[in-house]
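Engineer: Can you read through this structure? Questions will come right after.
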Amino acid sequence: MKVTICRKGYFSAAHKLYNPKWSKEKNDEVFEKCAYPNYHGHDFEVHVCVTGDVDPETGFVIRISDLKKIIKQEVEIPLDHKNINMDVPYFKDKNPTTENLAIFIYSQIKKHLKKEHQLEIILHETPKNYVRYGDS
Ligand code: NI
């Protein structure tokens, strides 16, 4: 019987959406105010959801304190109070959209999980906008 356990994480970060191959006009047209050259910020909320069998000895899918440490180390420390375009090497040549951030967070967390665990990331950029990415 599979159960999903989720833990939330938070980070505040700056970014701008921009394609360097395009003109300023095209960037402004496609990304609108998100292309503003001097960046803008969001308070992100991320839900990290791990699905797996309940261990009969512990009653856990994953120990929540382990998940807490992984989120802190792999998501909050690298991203909180950062300029994502400038400070996070993964985004050197990649647009830091919510979609790409969710993929980044997935890859940061996934490497710490057991093979049999499924992972889903739900990343809220604003109270109204969020993306989901994961195994299910
Ligand atoms: Ni933005």
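Results for (1) on the phi > 0 side of the Ramachandran plot; (2) within 15 Å of the ligand (Cβ to nearest atom); (3) exposed (fewer than 13 other Cβ atoms within 10 Å of the Cβ), shown as yes or no for each residue.
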site: ALA14; (1), (2), (3): no, yes, no
site: ASN27; (1), (2), (3): no, yes, no
site: PHE31; (1), (2), (3): no, yes, no
site: TYR36; (1), (2), (3): no, yes, no
site: HIS40; (1), (2), (3): no, yes, yes
site: ASP43; (1), (2), (3): no, yes, yes
site: ILE62; (1), (2), (3): no, no, no
site: LEU79; (1), (2), (3): no, yes, no
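Engineer: Given the residues PRO127, PRO96, which is the only one that is within 17 Å of ASP43 (Cβ to Cβ) and open to solvent by 30 Å² or more (accessible area, probe 1.4 Å)?
Structural biologist: None of the other options fit; the residue is PRO127.
Engineer: Could you run through segment 39-59 and say how many residues are among the hydrophobic types (A, V, I, L, M, F, W, C) and either more than 14 Å from the chain's Cα centre (by Cα) or part of a loop (DSSP other than H, G, I, E, B) (or both)?
Structural biologist: Selection size over segment 39-59: 2.
Engineer: Also, I was wondering about something else. Is there any pair linking a residue in segment 1-27 that is part of a loop (DSSP other than H, G, I, E, B) to one that is open to solvent by 40 Å² or more (accessible area, probe 1.4 Å), with Cβ under 6 Å and at least six apart or on different chains, and which?
Structural biologist: LYS16/TYR39; LEU17/CYS34
Engineer: Would you tally the residues in segment 77-94 being of a type in the set (D, E, K, R) and in contact with a strand residue (DSSP E or B) (Cβ under 9 Å, 6 or more places away or on another chain)?
Structural biologist: Going through segment 77-94 one residue at a time, the tally reaches 3.
Engineer: Here is a follow-up. Which count do you get for residues in segment 101-112 that are crowded, with 18+ Cβ neighbours inside 10 Å and in contact with a helix residue (DSSP H, G or I) (Cβ under 8 Å, 6 or more places away or on another chain)?
Structural biologist: 5
Engineer: Continuing with the same structure: For segment 16-25, how many residues are more than 13 Å from the ligand (Cβ to nearest atom) and either open to solvent by 50 Å² or more (accessible area, probe 1.4 Å) or aromatic (Phe, Trp, Tyr) (or both)?
Structural biologist: Residues that pass the stated criteria total 6.
Engineer: Looking at GLU74, is it in contact with a strand residue (DSSP E or B) (Cβ under 7 Å, 6 or more places away or on another chain), among the charged types (D, E, K, R) and surrounded by 13 or more Cβ atoms within 10 Å (Cβ to Cβ)?
Structural biologist: Considered against the rule, which asks whether it is in contact with a strand residue (DSSP E or B) (Cβ under 7 Å, 6 or more places away or on another chain), among the charged types (D, E, K, R) and surrounded by 13 or more Cβ atoms within 10 Å (Cβ to Cβ), GLU74 comes out as no.
Engineer: Among the residues of segment 90-97, are any assigned to a helix (DSSP H, G or I), among the charged types (D, E, K, R) and free of Cβ contacts under 8 Å to residues at least 60 places away in the same chain?
Structural biologist: no
The values are calculated or read from the model by the stated rules, or taken from the named source; none is laboratory data. Since we're looking at a predicted model, the values are computed, not measured. Using ideal geometry, Cβ is built from the backbone for each residue, glycine included, and neighbour counts are taken over all protein chains shown. To get the accessible areas, we keep the full protein, side chains included, count just its heavy atoms, and leave off ligands, DNA and RNA. Shrake-Rupley method; radii C 1.70, N 1.55, O 1.52, S 1.80 Å.
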